[in-house]
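Taken together, the values in this text are just the output of simple stated rules run on the coordinates, not laboratory data. Please read these numbers as outputs of a predicted model, since none were measured by experiment. With ideal geometry, Cβ positions are generated from the backbone for all residues, glycine too; neighbour counts draw on all protein chains shown.
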Amino acid sequence: MELYKLGIRQAQKGLADGDFTSVELVQSVIDRVHERDGEIGAYLTFDETGALAAAKAADDARRTGGAADAPFLGIPIAIKDLINVKGQPCTCASKILEGYVSPYDATVVTNLRKAGFIPAGRVNMDEFAMGSSTENSALGVTRNPHDTTRVPGGSSGGSAAAVGGDLCIAALGTDTGGSIRQPASFCGCVGVKPSYGRVSRYGVTAFASSLDQVGPMTKTVDDSALLLGVLAGHDEMDGTTPRDPVPDYAAALDGASMKGVRLGLAKEYMNVSGMDPEVKRITDEAIAKCEAAGAELVEVSLPHTEYAMAVYYIIAPAEASANLARFDGVRYGHRSAAAKDVFSLYTKSRAEGFGPEVKRRIIMGTYVLSSGYYDAYYGRAQRVRTLIKRDFDRAFAKVDALITPCAPTPAFKFGANQDPLTMYLNDLYTIPSALAGVCASSVPAGLTKDGLPVGVQFICGGFEESKLLCVSKAFEMAAAT
Ligand code: GLN
């Protein structure tokens, strides 16, 4: 059996039934990585010895009933390289953190371990999660498993390529403005951006703190529900996580159906210039499938959508410029050998360590926060962000979920979006919901005539992940028929 092809639920069942051991499962993933990752480049590092030792321990624990408290005992999972796993590298795909080894586990990793998962392998990304193609990684190239001349999307491109190419059972990604959903669409996997605050960010390297969320990237909607159930919840170490109980997301999927779902079509998301005709066709077909499966289609308006991109590219860089100030060559990370005094230690370490996109964001962010410009840019962007959020509140008073394209194009060729502004446009459909703090998914919807996967996006209100996952699952079933 090709165990690496399994998803979480299948792996869980096979392990529970004794069809195979965790060592066999992990070994199968490792063999697959050896066979295929030379070409794909999803992983930056993979501690094979550590993963196999953890698998052996899981098998031993299972024999003495250890699976009772750890439902996912012995299942390996790939981790985006900005999430801290004790004893493993955490580079954020940046030269500035090359060689850095995490001294502690992020809360999501603690949760994964408690549930029995084995954090196995660190996957590539755009440097500090800034980008939409993984081309901004300073540490390696990741190729789309469906067409290796194309990018996997980004910034969680390694996670998406690993899931889409069956190089892992499941992966964690992060999404600030689309970084789970767009690569999931490009690589044919399911991705869920939870509502802001649903999942702890303690131990997750911060990009834009009012936006960042960790979420599942998986082979099925069921698997995303299972994984989100493990990740979500209050954390004393992250004050943005409320104490609301975490619903049983997987159980909520029982009987998932499109029947009676009021599905919103936002007119601002349709017929946008620059939308690839194949994406348009697949999205239209997806909408028709939802309707045929019993959804009631309702046109809604999100009138401030056109400002979302501008707002995001003020707020995200502003927050990034503050968050990245900690990389100064003093406490950890790259330290310039050419530094002569403390000032040149800061400037040279940062100039040598950060790549061009990260520098661009820091410069933009510093500018919009500078005195004299703060109100004109940052203050105004915050006010418009409130208007964008209200658009969603109004829409969700009328509909259960929105369906939209996930990205304007399928996976593009390497180097195709050289100009940063064209690259930024990739997140046209994913940024507004990120600014609003609501939850959203990307679910595979079909293939272009060239065989490239395309996902559609579903968006639900804040903390409505159960509803989001049900609609996503109902679509997954409708799309399969
Ligand atoms: N592509 C967007 C950016 O470059 C979003 C990135 C993300 O969600 N981390 O900022």
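Things to note:
- Point-to-point label distance, Ala68-Lys413, nm (Cα→Cβ direction, 7 Å offset): 6.0 nm
- Dimensions (Å) - region 323-481, Cα atoms, principal axes, largest first: 66, 40, 28
- Candidates per trypsin sites (Lys or Arg not before Pro) in region 237-332, loop by DSSP, up to 12 other Cβ within 10 Å: Arg243, Lys259, Arg331
- Charge sum, other residues only, whose C-beta stays under 14 Å from Leu447's C-beta, Lys/Arg counted +1 and Asp/Glu -1: -2
- Computed from phi, the 3J(HN,Hα) profile of region 430-437 under the Karplus parametrisation 6.51, -1.76, 1.60 (θ = phi - 60°) reads 9, 6, x, 5, 5, 5, 7, x Hz, with x in place of Gly and Pro.
- One Cα centroid belongs to region 10-41, the other to region 359-411; the line between them spans 40 Å.
- For the pair Asn271 and Asp17 in one chain, pulling the backbone fully straight at 0.36 nm per residue adds 86.5 nm over the alpha carbon distance.
- Note on Lys95: lysines with a C-alpha under 23 Å away, same-chain residues under 8 apart excluded, are Lys80, Lys86, Lys340, Lys348, Lys359.
- Taking every DSSP beta bridge that has both ends in the chain, the antiparallel portion is near 70%.
- Between region 169-183 and region 256-323, the alpha-carbon centres lie 17 Å apart.
- Among the listed pairs Lys413/Lys449; Lys13/Lys219; Lys267/Lys473, those with a Cα-Cα distance over 19 Å are Lys267/Lys473.
- Note that the chain, at 10 °C in a medium of 1.306 mPa s, gets a Stokes-Einstein diffusion coefficient of 72 µm²/s from its Kirkwood radius over C-alpha pairs.
- Fewest-first sequence of Val221, Val204 by Cβ atoms within 10 Å of each Cβ: Val204, Val221
- Over region 250-367, relative contact order from alpha-carbon pairs under 8 Å, at least 6 apart, %: 26 percent
- Sites excluded, GluC sites (Glu not before Pro) in DSSP loops with at most 11 other C-beta within 10 Å, longest stretch of the chain: 237-481
- Förster-model FRET efficiency, 41 Å R0, Lys56 and Arg360, C-beta, rounded to 0.05: 0.35
- Neighbour counts of other Cβ atoms within 10 Å put Cys406, Cys460 in the fewest-to-most order Cys460, Cys406.
- Fully extending the segment from Ser209 to His34 would add 59.4 nm, taking 0.36 nm per residue of separation and subtracting the current Cα-Cα distance.
- Net charge in the neighbourhood of Asp212 (other residues with Cβ under 11 Å of its Cβ; Lys, Arg +1, Asp, Glu -1) is -1.
- Amide N of region 310-331 lying under 14 Å from the label point, which is placed 7 angstrom from the Cα of Leu421 along Cα→Cβ: 310
- In percent, rounded to a whole number, the relative contact order of the chain is 17, using alpha-carbon pairs under 8 Å and six or more apart.
- Spin-label pair Ala376/Ala292, simplified geometry with 7 Å Cα→Cβ offset, distance in nm: 5.4 nm
- Förster radius 30 Å - calculated FRET efficiency between Arg335 and Met237 (Cβ-Cβ, nearest 0.05): 0.60
- Neighbourhood net charge (11 Å Cβ-Cβ; Lys/Arg +1, Asp/Glu -1) for Ser224: 0
- Here is the result for region 161-263: no chymotrypsin sites (Phe, Trp or Tyr not before Pro) lie in DSSP coil with at most 10 other C-beta atoms within 10 angstrom of their C-beta.
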